[in-house]
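**Q** So that we are looking at the same thing, I have put the structure below in structure tokens.
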Amino acid sequence: MTEFQSTIGASAVIVGAGIVGNSVACHLARLGWRDLVLVDKGPMPNPGGSTGHASNFIFPIEYSKMMMELTRDSTEQYQALGVFTRSGGIEVARAQARMAELRRRCSQAKAWGIPAQVISPAEVAKLVPYLDESVILGGAHYPTVGVVDSLRAGTLMREEAELAGALTVLAGAEVVAIDTAATGQAGRPRITAVRTSAGEIETDTVVVCCGVWSPRIARLAGARFPLTPIVHQMISVGPIALFAGTPGEISYPIVRDVDTNMYERQHGGDMEVGSYAHRPIIVSPDDIPSIGESALSPTELPFTADDFDPQLAQALELMPELLGDESAGVRYAINGLISMTPDGHPLLGPAPEVDGLWAAAASWVKEGPGVGRAVAEWMSGRVPAVDVDEANIARFYPCQRTVAHVEARAREGFNKMYGIVHPAEQWQSGRPVRVSPAYERERELGAVFHETAGWERPHWYAANEPLLERYAGRLMPRDNEWDARWWSPVINAEHLAMREACGLVDLSAFAIIDVTGPAALDLVQSLTVAQLDVPPGRVVYTSLLDSQGGFKADLTVMRLGAQRFRAVTGGATGMADLAWFAEHLPADGRAALADLTSALATLGLWGPRARQILASVTADNVTGQGFPFGSCREIEIAGLTVLASRISYVGELGWELYVPMEQGGRLWDALWAAGVPHGLVPVGIGVYGTTGRLEKGYRAFGNELTAEYTLVEAGMTRPRVKPQDFIGKQAYLAQRAAPPAAVLCTLTVDNHASAGGEPRYMLGGEPIVTPDGERITDAKGRPSYVTSAGSGPSVGRHLLMAYLPPDHARAGTRLGVECFGEQYPVTVAVAGATPLFDPENARIRG
């Protein structure tokens, strides 16, 4: 252990010398950082974390574009380090549902440009001769799968930073305390020092890269990282006679027996068998043994054979001759600890509770170097080359950071590791956590709830089932179970009823941020593209950009007073948006933020009869002239003071209505009683977030609006650029001056019939292809794929949104979309922002 007599200083202290910590150190050094210190209580090169016992294989396919890109970047880095061995990989199917899923995965692989092919049992057996082909129905072959030496990769990265004179390594030194002072932005604590068993290090920056120990280290600084260690069992069987004399570590493709939640892969003369099928075994970070207490390492816990025996039997069924060889035995068996978060994504970026504390946690070997690069770029004030917004640690609300929630979601998610997970799959554990004041009323109406950011949100209402008869022939029913899962034709009926009369939508999951103070205007102006120096009572829809001109947020802002603004954003991104505002608060305290998400209930009232209904419950002027579109003000309803905002995300006349949370039920009752005689129906988020939005061509953050695309490409430029400076302005000006590399389009599906005759409906993520089936990419190499998909009941078509290169982005262009391995004809209906429904926007402005 390195010890020092006096306090030393560091530009940053990196805690954890696994693949992620070494990668962060290396990339910070490449970006010019010096005086870095890497601390780990274990020895080098294997300090005892999850990197040391990882199976070290990389499959490139992911449904999350972010995770796919992090994996791709990591693979390229491993290749550059000379530690990647290509072996190929196969996912095998034992059930027809899995064969369908493999076709879906291969279509997704096509969208991302990943080689993949569905193959027959005989073709699987040709590649893996020790596999019993009678057990399987087929497989998916990914030829670019490979294995890495993650310990060697970490060593090379660490040594590079040391040779550059940028890094000091403290091996065998344990972090025992992290000091803070109340000098951070907006009164938050700020990192001042790290105390270790080897001495004290003065620093204002700490990067937590220590995997399963990350919650313990974060707690030392007063932060909560929503992560839990969980057991992943693995055994090594050998010696395998077939592998004797094969060159290198691996000569045969890695097999993922996904229907049994297992994998099998050659490791020299042995066969490794790993399982995600056993019971979820949570281990508290505080219960991880010390190095001295561990027989192998702190993350290689004693093997519990009873948990593994059923999986071993399934592995023997798939590979009977190889694993059943009596001359081979179990030579290594562990309950290995890995990290899991509530949503399965890593924890990256600045911790919202403590200035100077950074997260690079819950990353596995396959994406470790990519995570290290992204975090290093972020720390250096750059926009990461891979958009990692989905992994921003600030995304979690307080209720999602509790130990109970994290552990419950980890238990639920563990056995889904290789599961067939639907794009709309709903978590079941720990619900309900957050409910609106109308929750019980909605339950009585048969609401089917989907969860967003902990909130229970009605997706549709069983009470509206009688509407199915009224709108028969216009509902576009989905016969295929997959297409209809987590969906109902009632959504389309609610949509048509809203377009015909009026709908009441519970929007209490909105995140609401008030910005106040003498510098409130300066703050919002510096963050938003739109002009916010408007009279009080105006509502402005605006994007927020990063420094490269990519989308950072998408929200509305109400000016409520000279020094008071209210930002309203989506529940899913609310905490990350709050963190972005907080990061840019002025140091002099002349602007302040207040999170009012849990203080205010929000209801949406939209449809041609919305004005009649609202006028019947208020004496205030809600005429078109008295309450124009894009304005807000307080009105009185049923003895309540209600902030009414005249905007719409569904393309209909109406208002968002805000009241204190405890008054939300009374507001619902008043609107409901007044509205039913006018045809008012309860409307779920299936309409608000999909059908109503798509018919109007409204873009959604995280779908169409990402850091990868621009306002110009999204068709969201304004006639003029405001004179005030804002983040991303220079990049935005450059984007306006250049022709776009892609254009966001709305497409219609021309024929839904599959080869078997059953109609299929796209759900999102599918590749857009030429009529000949060729993948489409733009001049920047970005693929065309479905960013949003859903019914357009008022236009009678299933609608898709996708970015297309300009030569394809012309109305009337015929293309294709690949879904579950089959191609369906589509037509570009709109290139740009003009909506298919009510293109003149007469209804919304009426």
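**Q** Being crowded, with 19+ Cβ neighbours inside 10 Å and out of contact with any strand residue (DSSP E or B) (no Cβ under 9 Å at 6 or more places or on another chain) is the filter here; which residues of segment 157-212 pass it?
**A** Met157
**Q** Only one residue in Pro289, Pro285, Pro298 is more than 13 Å from Asn415 (Cα to Cα), out of contact with any Ser or Thr (no Cβ under 6 Å at 6 or more places or on another chain) and open to solvent by 20 Å² or more (accessible area, probe 1.4 Å), so which one is that?
**A** Pro289
**Q** Moving to a separate point now. Being open to solvent by 30 Å² or more (accessible area, probe 1.4 Å) and without any contact (Cβ under 8 Å) to a residue 12 or more places away in the chain is the filter here, so list the residues in segment 618-638 that pass it.
**A** Of everything in segment 618-638, those that are open to solvent by 30 Å² or more (accessible area, probe 1.4 Å) and without any contact (Cβ under 8 Å) to a residue 12 or more places away in the chain turn out to be Asn621, Gln625, Glu634.
**Q** Still on this structure, I have one more. Among the residues of segment 441-454 satisfying the criterion of being of a type in the set (A, V, I, L, M) and in a loop (DSSP other than H, G, I, E, B), which is farthest from Arg666 (Cα to Cα)?
**A** Only one residue fits best here, namely Ala453.
**Q** Quick check: is even one residue across segment 241-258 farther than 20 Å from Asp149 by Cβ, at pLDDT 95 or above and among the hydroxyl-bearing types (Ser, Thr, Tyr)?
**A** No, there is no match, as no residue in segment 241-258 is farther than 20 Å from Asp149 by Cβ, at pLDDT 95 or above and among the hydroxyl-bearing types (Ser, Thr, Tyr).
**Q** Here is a follow-up. Quick check on segment 118-127. Is at least one of its residues within 14 Å of Pro253 (Cβ to Cβ) and free of Cβ contacts under 8 Å to residues at least 12 places away in the same chain?
**A** yes
**Q** Oh, and also: If you go through segment 187-204, how many residues are under 34 Å from the mean Cα position of the chain (by Cα) and more than 11 Å from Gly9 (Cα to Cα)?
**A** Qualifying residue count for the region: 5.
**Q** Please determine whether any residue of segment 469-488 is open to solvent by less than 40 Å² (accessible area, probe 1.4 Å), of a type in the set (A, V, I, L, M) and closer than 18 Å to Leu603 by Cβ.
**A** No.
**Q** For segment 349-370, name all the residues that are out of contact with any strand residue (DSSP E or B) (no Cβ under 6 Å at 6 or more places or on another chain) and within 14 Å of Cys209 (Cβ to Cβ).
**A** Matches in segment 349-370: Ser363, Trp364, Val365, Glu367, Gly368, Pro369, Gly370.
**Q** Turning to a different aspect of this structure: Could you figure out which of (1) touching a helix residue (DSSP H, G or I) at 6+ places or on another chain (Cβ under 8 Å); (2) over 30 Å from Ser791 (Cβ atoms) isn't true of Leu763?
**A** Tallying (1) touching a helix residue (DSSP H, G or I) at 6+ places or on another chain (Cβ under 8 Å); (2) over 30 Å from Ser791 (Cβ atoms), Leu763 fails exactly one: (2).
**Q** Of the residues in segment 667-685, how many are in a helix (DSSP H, G or I), surrounded by fewer than 22 Cβ atoms within 10 Å (Cβ to Cβ), more than 32 Å from the chain's Cα centre (by Cα) and touching a residue at least 60 places away in the same chain (Cβ under 8 Å)?
**A** Count: 4.
**Q** Would you mind telling me which numbered condition in (1) out of contact with any Ser or Thr (no Cβ under 9 Å at 6 or more places or on another chain); (2) open to solvent by 30 Å² or more (accessible area, probe 1.4 Å); (3) small (Gly, Ala, Ser) Ala831 fails?
**A** All conditions pass for Ala831, except number (1).
**Q** Could you list, ordered by first residue, the pairs with Cβ atoms under 9 Å in which the first is in segment 32-47 and at positive phi and the second is part of a strand (DSSP E or B) and open to solvent by less than 60 Å² (accessible area, probe 1.4 Å), at least 6 apart or interchain?
**A** From residues that are at positive phi, the pairs are Asp35/Ile8; Asp35/Gly9; Asp35/Ala12; Asp35/Leu167.
**Q** Exactly one of these conditions fails for Pro437: (1) over 14 Å from Gly344 (Cα atoms); (2) assigned to a loop (DSSP other than H, G, I, E, B); (3) out of contact with any strand residue (DSSP E or B) (no Cβ under 6 Å at 6 or more places or on another chain). Give me its number.
**A** Of (1) over 14 Å from Gly344 (Cα atoms); (2) assigned to a loop (DSSP other than H, G, I, E, B); (3) out of contact with any strand residue (DSSP E or B) (no Cβ under 6 Å at 6 or more places or on another chain), only one is false for Pro437: (3).
**Q** Output the qualifying pairs, or none if there are none: Cβ atoms under 8 angstrom, residues six or more apart or on different chains, first residue in segment 361-372 and under 19 Å from Ala394 (Cβ atoms), second residue among the aromatic types (Phe, Trp, Tyr) and outside any helix (DSSP H, G or I).
**A** Every condition considered, the pairs that remain are Ala361/Phe225.
**Q** Pick from segment 758-808 the residues that are under 19 Å from Arg104 (Cβ atoms) and among the small types (Gly, Ala, Ser): which of them is surrounded by the most Cβ atoms within 10 Å (Cβ to Cβ)?
**A** The extreme case among them is Ala802.
**Q** Same structure again: Please determine, by comparing only the residues of segment 147-156 that are buried (at least 23 other Cβ atoms within 10 Å of the Cβ) and not aliphatic (A, V, I, L, M), which one is nearest to Ala95 (Cα to Cα).
**A** The extreme case among them is Ser150.
**Q** Which of (1) surrounded by 20 or more Cβ atoms within 10 Å (Cβ to Cβ); (2) part of a helix (DSSP H, G or I) does Glu377 not meet, given it meets every other one?
**A** Unmet condition: (1).
**Q** Moving to a separate point now. Anything in segment 639-652 that is open to solvent by 10 Å² or more (accessible area, probe 1.4 Å) and outside any strand (DSSP E or B)? List them, or say none.
**A** Gly639, Ile647, Ser648, Tyr649
**Q** Another question, then. From (1) more than 24 Å from Tyr252 (Cβ to Cβ); (2) within 27 Å of the chain's Cα centre (by Cα), pick out the condition that doesn't hold for Pro115.
**A** (1)
**Q** Residues of segment 641-697 being over 22 Å from Thr542 (Cβ atoms) and among the β-branched types (Val, Ile, Thr), which ones?
**A** Within segment 641-697, Thr641, Val642, Val659, Val676, Val681, Val683, Ile685, Val687, Thr690, Thr691 meet the criteria.
**Q** Specify the residue that is most open to solvent (accessible area, probe 1.4 Å); the eligible residues are those in segment 745-757 that are in a loop (DSSP other than H, G, I, E, B), of a type outside the set (A, V, I, L, M) and touching a residue at least 60 places away in the same chain (Cβ under 8 Å).
**A** Asn751
**Q** Scan segment 396-405 for residues that are in contact with a Ser or Thr (Cβ under 9 Å, 6 or more places away or on another chain) and either of a type in the set (Asp, Glu) or open to solvent by 30 Å² or more (accessible area, probe 1.4 Å) (or both) and jot them down.
**A** Val403
**Q** Can you tell me which residue within segment 406-433, out of those that are open to solvent by 40 Å² or more (accessible area, probe 1.4 Å) and polar (S, T, N, Q), is farthest from Glu91 (Cα to Cα)?
**A** Gln428
**Q** Just the residues that are in contact with a Pro (Cβ under 7 Å, 6 or more places away or on another chain) and touching a residue at least 40 places away in the same chain (Cβ under 8 Å), please, taken from segment 283-301.
**A** Matches in segment 283-301: Val283, Pro285, Ile288, Ile291, Pro298.
**Q** Output the qualifying pairs, or none if there are none: Cβ atoms under 6 angstrom, residues six or more apart or on different chains, first residue in segment 822-839 and under 17 Å from Tyr803 (Cβ atoms), second residue polar (S, T, N, Q) and assigned to a loop (DSSP other than H, G, I, E, B).
**A** Going by the 6 Å Cβ cut-off, the qualifying pairs are Val828/Thr813.
**Q** For the structure I just gave you, tell me whether Ile393 is in contact with a helix residue (DSSP H, G or I) (Cβ under 7 Å, 6 or more places away or on another chain), on the phi < 0 side of the Ramachandran plot and not small (Gly, Ala, Ser).
**A** So Ile393 fails the test.
The values are calculated or read from the model by the stated rules, or taken from the named source; none is laboratory data. All values derive from a computational prediction rather than experimental measurement. When we count neighbours, we look across all protein chains shown, and the Cβ atoms used for this are built from the backbone with ideal geometry, even at glycine. To get the accessible areas, we keep the full protein, side chains included, count just its heavy atoms, and leave off ligands, DNA and RNA. Shrake-Rupley method; radii C 1.70, N 1.55, O 1.52, S 1.80 Å.
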